[in-house]
Amino acid sequence: DWTHEEIQMAKELSHKMLIQIFDEGGCIDFTGCHKGDTAIWANYYTNDNRPGMAGQFVARVKNDDVFNQWTVKCVCLCKATKTPIPSFILNKNKERK
């Protein structure tokens, strides 16, 4: 399971990326945030159609990871903003594999 600290870090990073998207004139919406889902899609829209920015991004639960909407949304936002995915998410549960 995700720790409280990991969820808070994902929320804080997501907040920063959402502000960045907003400040750049873009918007984003999420689908697949319901209980039982294993993936979230983010639709990213920009007003100026900057190449490589607008589009649809997906993040899925992998292997033994537990679905948590905050960490999965964070991965979608990282992909949309070309921000490196944090190691605490990338490396979650790797030691068990």
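The values are calculated or read from the model by the stated rules, or taken from the named source; none is laboratory data. Predicted, not measured: the structure shown is a model, and the values here were computed from it. We place every Cβ from the backbone using ideal geometry, glycine too, and count neighbours over all the protein chains shown. Ligands, DNA and RNA are excluded from the accessible area calculation, which covers all protein heavy atoms including side chains. Shrake-Rupley method; radii C 1.70, N 1.55, O 1.52, S 1.80 Å.
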Per-region count, the stretch 24-39, residues within 18 Å of A54 (Cα to Cα) and either at pLDDT 90 or above or not acidic (D, E) (or both): 6
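Residue-by-condition table, conditions (1) at pLDDT below 85; (2) closer than 16 Å to H15 by Cβ; (3) among the small types (G, A, S):
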| residue | (1), (2), (3) |
| --- | --- |
| K62 | yes, no, no |
| D65 | yes, no, no |
| Q69 | no, yes, no |
| C76 | no, yes, no |
| S87 | no, no, yes |
Which count do you get for residues in the stretch 57-97 that are without any contact (Cβ under 8 Å) to a residue 40 or more places away in the chain and not in a helix (DSSP H, G or I)? 16
Mind counting the residues in the stretch 1-22 that are open to solvent by 70 Å² or more (accessible area, probe 1.4 Å) and either farther than 14 Å from L77 by Cβ or touching a Phe, Trp or Tyr at 6+ places or on another chain (Cβ under 8 Å) (or both)? 5
Taking the stretch 61-97 on its own, how many of its residues are of a type in the set (D, E), in contact with a helix residue (DSSP H, G or I) (Cβ under 9 Å, 6 or more places away or on another chain) and open to solvent by 60 Å² or more (accessible area, probe 1.4 Å)? 1
